[in-house]
Amino acid sequence: MTDSSKQQSNKSKAATKAATVDASKKSDSAEASKATNTSESPQAATPQSAPQATPVVVKGAGAAKGLSVVAILLSLGALAGSGYTWYDNNVVRVQKNSDLAVSVTEIGGDVTRLGDAIVRLQTAQSNAVTEPQLMSQILQLNSSVDLQLRDLKQTQTVLSESVAKVNETMQKGVNSYVIDEVAQLLTLANNNVVFSGDVTSAIKALSLADAQLKSLADPRFAIVRQKINEEIGLLRNAEQIDIERMTGELSALAARVPNLKLENDRPTLEPVVLEPEIDAAQQKTVRGVLRQVWADVVNRFDIQRIDQPPKPLLAPEHRYFLNQNLQLQLAKAELAALQGRSTVYQQSLESALTWMTEYFDLNDSDVKQVMEQLTALRAQPIKVDLPPVTQSFELLQSIKGGQ
C-alpha cells in the first residue's frame, strides 16, 4: 500500500470520527434544550394547573429517546459510510494499485524491449554504410579478387608447365624403355638366326619389336619398322628345316636298338620236324621204335650252311654296352641337330652306321630299315644359310644415338 492511500484512509477515518462527534454533540444539545424547555414549561404552568405537569415530562423524555435513536442511527450510518470509505480506500484501492503495479511492470517490460529494439536499430544504423562507402568497398573487393585471380593464373601456369615437364620426362623415360626393349628383341632375333637357326623364334621376336615401335607413334622409327618387316619377309621365304621331325626319328631309332639282331646271333629258323614213315604195325616192332628215336634226335639240332667263318658271340654285358654306345651316338646326333652343329651331327650318324654294319645282321629286315633311315638322316642338312637380321638393329642404334 502506498503513502497516498494511507493518507487518504487516515483522512477518511478522521472525517468519520468528526461526523460522529458532531452528531453526538447535536443530539446532546437537542436533548438539553428540550429538557430546559420542559423544565421551564412546568414551572410556568404550575400556578395555572398543577395536574398537567406529569404528562409534559413524559412527552419530553420520549422525544429525547427518539433523538437518541436518531443520533444512534446517524452514527451507525456514519460508521457504515466510514467503513465503506475505509473499504474503498484500503481494499478497492489496493486492488487497483496492484493492477496498476502489474500494468506498470508490463509497461516497464515493454519499455525495456523498446529500448533494446532502439539499441539494435542504433547499432544497425551505425553499421549501415552509405552508397559511396558501399561502392568503395565493392571496388576494393573487385581489386582484391582481381589480384587473387592474377596470382591464381600465375600459379596455374607454373603448375601446368611443371606438369608438362614431368609428362615430357616420363614420356622420354617410357620411350627410352621401349626403345631398349626393342633393341633386346632385335638382338634376340639375331641370336636365334645365327646360333640356333630358329627361324620361328626370330620371326616372333621381330614381330614384337615392330609392335613396340608402332606403340611409340614416332615417325623417326618408321624406317626401322620398314627394315624389320623386310627381315621378317626374308626369314619366311628362307628354306625351313624340320628339326623336330629329325630329332623325333632319331629318338625312335634309338629305342629300337636293343631289339635289333646281331650278326653272330643264333639264326632263327623254322623248326623242321622229321616224321618217319612207320605204319601202325611197325610201331610195335624194334625197328619202328629205333626209327622214332632217330627222328627225335635229329629234330633236336639245327643245321645251317655259312660261307664265312662266324664271329664270336658277344657276352650279354657286351651287348648291353653296344646298345648304350649306339644310343649315345644317336642322342649326340639329336642334340647336334637342335644346336645346328652340322659337323657333330654328321660324325655321330657316321659312327652309328659303322657300328650297325659291324655288329648287326644286315640281312635282317629291321636292321635294313634302321640303316636306311640313318643314311637318309645323314644326307639331310640341319643348317641352311639364313639372311642376316642386323640392319634393323643398326638403324635403331643410329636413331637412338642421334637423340
Q. With LEU353, LEU362, LEU338, LEU374 as the choices, which residue is surrounded by fewer than 15 Cβ atoms within 10 Å (Cβ to Cβ) and in the same structural domain as ALA252 (by TED's automatic domain parsing)?
A. LEU362
Q) Counting only residues that are surrounded by fewer than 14 Cβ atoms within 10 Å (Cβ to Cβ), under 41 Å from the mean Cα position of the chain (by Cα) and closer than 30 Å to ILE243 by Cα, how many does segment 185-226 have? A) 1
Q. Between residues in segment 111-129 that are at pLDDT below 75 and residues that are among the small types (Gly, Ala, Ser) and surrounded by 10 or more Cβ atoms within 10 Å (Cβ to Cβ), which pairs lie under 9 Å by C-beta distance while being six or more apart or on different chains?
A. VAL129/SER136
Q. Can we say GLN140 is in a helix (DSSP H, G or I), surrounded by 10 or more Cβ atoms within 10 Å (Cβ to Cβ), modelled with pLDDT under 80 and not assigned by TED's automatic domain parsing to the domain that holds ARG220?
A. no
Q: Sort out which residues of segment 210-260 are aliphatic (A, V, I, L, M) and closer than 27 Å to TYR177 by Cβ, and write them in order of number.
A: ALA211, LEU213, LEU216, ALA217, ALA222, ILE223, VAL224, ILE228, ILE232, LEU235
Q: Check segment 146-159 and report whether any residue there is of a type in the set (Lys, Arg) and modelled with pLDDT of 80 or more.
A: yes
Q.
So if I check each of ARG341, ARG319, ARG378, which one is among the charged types (D, E, K, R) and in contact with a strand residue (DSSP E or B) (Cβ under 8 Å, 6 or more places away or on another chain)?
A. ARG319
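The values are calculated or read from the model by the stated rules, or taken from the named source; none is laboratory data. This one's a predicted model, so the numbers in the text were calculated from it and none came from an experiment. Glycine also receives a Cβ, built like all others from the backbone with ideal geometry; neighbour counts cover every protein chain displayed.
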